[in-house]
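Asks: Submitted below is the structure of interest, expressed as structure tokens.
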Amino acid sequence: MPAPQRKHKRGGFSHRCLPTPQTAMTPQPAGPPDGGWGWVVAAAAFAVNGLSYGLLRSLGLAFPDLAEHFDRSAQDTAWISALALAVQQAASPVGSALSTRWGARPVVMVGGVLASLGFVFSAFSRSLLHLYLGLGLLAGSGWALVFAPALGTLSRYFSRRRVLAVGLALTGNGASSLLLAPALQLLLDTFGWRGALLLLGAITLHLTPCGALLLPLALPGDPPAPPLSPLAALGLGLFTRRAFSIFALGTALVGGGYFVPYVHLAPHALDRGLGGFGAALVVAVAAVGDAGARLVCGWLADQGWVPLPRLLAIFGALTGLGLWVVGLVPVVGGEESWGATLLAAAVAYGLSAGSYAPLVFGVLPGLVGIGGVVQATGLVMMLMSLGGLLGPPLSGFLRDETGDFTTSFLVSGSLILSGSFIYIGLPKALPSCGPASPPATPPPERGELLPAPQAVLLSPGGPRSTLDTTC
């Protein structure tokens, strides 16, 4: 239970005093509220995720029209999403640093305006270069300012139900894909790609009111003052921690394959003989499995039955295997077929990828402490940008060389499996080989997974411990 907040009266008005770093030094410090306004923040993060990653996942439906209009290859059009992903994630530490200095609210609101302007600018493009600048650079910069601050703020509002809250927010990706994939196909058929991008710009502007809902929250473990130097604001010192470095390396490899289906799942379905709406259905069912798995896995992780790093490695490996299946399963039938085999493979991939997503961000407070979670989120997004930049163009290149996306999905799945193998080096990713004695819970500024002498660390889910028995 968080410590009660004192009320003071001044001029006939009552106001609540937020915990400060000084009050955090008391014997019974206040912690995350684990509810209340946190659910509003979760709803805002849900919309932010849907209007960034969810929209980007569905944008691949427009690429065949863009390739035909500008007479360019699949590899050339894939650079649009690749640049957007790369800019969004590479600049995420900047969004985290700005939110650490000025707060998440103004940063996310400005990011929503920039992302909307990127779509509006792209609607008047005369070449692919204009799309690279509009969707890749401008919209990507706006998304970089919204995702990490929103998700980092959400993690600060929850402790016992943190992974569930993160999973709920990340279902915005799947819910948005479910709605936007068929809607975007309808817009493309009705208004063409220019009209569709213009309308998407109006939709993206809703990121601004989402940012207004991110109220600041002071917690124990926060620094007494915002960092003044740029390097400190970026949180680069986190790389000196072995566990975070292992996590960062594994996540960078996973990013090399994780975002390929965002761009090429719909074109892959088109290559296998499905029509436009059949391809949209493949994207939609993958989104449904993704969204449902994020909630279920978030609840499962919060129970404390299995350590979070172990779940991360397991579901990361299943995601890689799921991409292999998507690439190898053929479609039987033509444009009028539903493509049942590819639909089933897409559901399996969506379930595994959705289970992996909340664990990536849910494990961060245990590795770096609650005070560094916003900066850590931005750094992880930056590392994943390497994969976001190289993965989709490599996938498009392999498609141009081989004639289909089979090799592309096999390579992408292999990258994810490699990153999942590296996760095994995280604390508690493997069962311990001996019984451990019960410890004291580490302070929130340390992180639940950081080493503690003669201690078995408790799960953030509550009194139940993620103790490992003998091998």
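The values are calculated or read from the model by the stated rules, or taken from the named source; none is laboratory data. Note that this is a predicted model, so its numbers are computed, not measured. Virtual Cβ from ideal backbone geometry, glycine too; neighbours counted across all protein chains shown. When the accessible area is computed, the model is the full protein with side chains, heavy atoms only, and any ligands, DNA or RNA have been set aside. Shrake-Rupley method; radii C 1.70, N 1.55, O 1.52, S 1.80 Å.
Asks: Does L59 satisfy being closer than 21 Å to L178 by Cα and crowded, with 24+ Cβ neighbours inside 10 Å? Break it down stepwise before answering.
Replies: Numbers: closer than 21 Å to L178 by Cα: yes; crowded, with 24+ Cβ neighbours inside 10 Å: yes.
Yes: the conditions hold for L59.
Asks: Could I ask something else about it? If you check L359, L342, which single one turns out to be closer than 24 Å to Q88 by Cα and part of a helix (DSSP H, G or I)? Don't jump to the end; show me each part of the working.
Replies: Values: L342 fails: closer than 24 Å to Q88 by Cα.
Exactly one of L359, L342 is closer than 24 Å to Q88 by Cα and part of a helix (DSSP H, G or I), namely L359.
Asks: Consider the range 257-282. How many of its residues are open to solvent by less than 20 Å² (accessible area, probe 1.4 Å), hydrophobic (A, V, I, L, M, F, W, C) and part of a helix (DSSP H, G or I)?
Replies: Of the residues in the range 257-282, 8 are open to solvent by less than 20 Å² (accessible area, probe 1.4 Å), hydrophobic (A, V, I, L, M, F, W, C) and part of a helix (DSSP H, G or I).
Asks: Any chance you could count how many residues in the range 65-95 are open to solvent by 50 Å² or more (accessible area, probe 1.4 Å) and without any contact (Cβ under 8 Å) to a residue 24 or more places away in the chain?
Replies: Residues flagged as open to solvent by 50 Å² or more (accessible area, probe 1.4 Å) and without any contact (Cβ under 8 Å) to a residue 24 or more places away in the chain within the range 65-95 amount to 2.
Asks: Kindly indicate whether L214 is in a loop (DSSP other than H, G, I, E, B), under 21 Å from A47 (Cα atoms) and modelled with pLDDT of 90 or more.
Replies: Working: in a loop (DSSP other than H, G, I, E, B): yes; under 21 Å from A47 (Cα atoms): yes; modelled with pLDDT of 90 or more: yes.
Yes.
Asks: Looking at (1) open to solvent by less than 60 Å² (accessible area, probe 1.4 Å); (2) more than 18 Å from A144 (Cβ to Cβ); (3) under 25 Å from the mean Cα position of the chain (by Cα), which is the one condition that is false for G235?
Replies: Exception for G235: condition (2).
Asks: Still on this model: Working only within the range 400-423, note down all residues that are aromatic (F, W, Y) and either open to solvent by 50 Å² or more (accessible area, probe 1.4 Å) or farther than 22 Å from A252 by Cβ (or both).
Replies: Just the residues of the range 400-423 that are aromatic (F, W, Y), to begin with: 405, 409, 421, 423.
Hits for the range 400-423 are F405, F421.
Asks: Can we say L197 is under 24 Å from V107 (Cβ atoms), open to solvent by less than 60 Å² (accessible area, probe 1.4 Å), in contact with a Gly (Cβ under 9 Å, 6 or more places away or on another chain) and assigned to a helix (DSSP H, G or I)?
Replies: So L197 does not fit the description; no.
Asks: Picking from G304, G298, which residue would you name as being at pLDDT 80 or above and in a helix (DSSP H, G or I)?
Replies: Of G304, G298, the one residue that is at pLDDT 80 or above and in a helix (DSSP H, G or I) is G298.
This table checks each residue for (1) of a type in the set (A, V, I, L, M); (2) farther than 24 Å from F158 by Cα; (3) touching a residue at least 40 places away in the same chain (Cβ under 8 Å).
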residue	(1), (2), (3)
T341	no, yes, no
G369	no, no, yes
G372	no, no, yes
L383	yes, yes, yes
D404	no, yes, yes
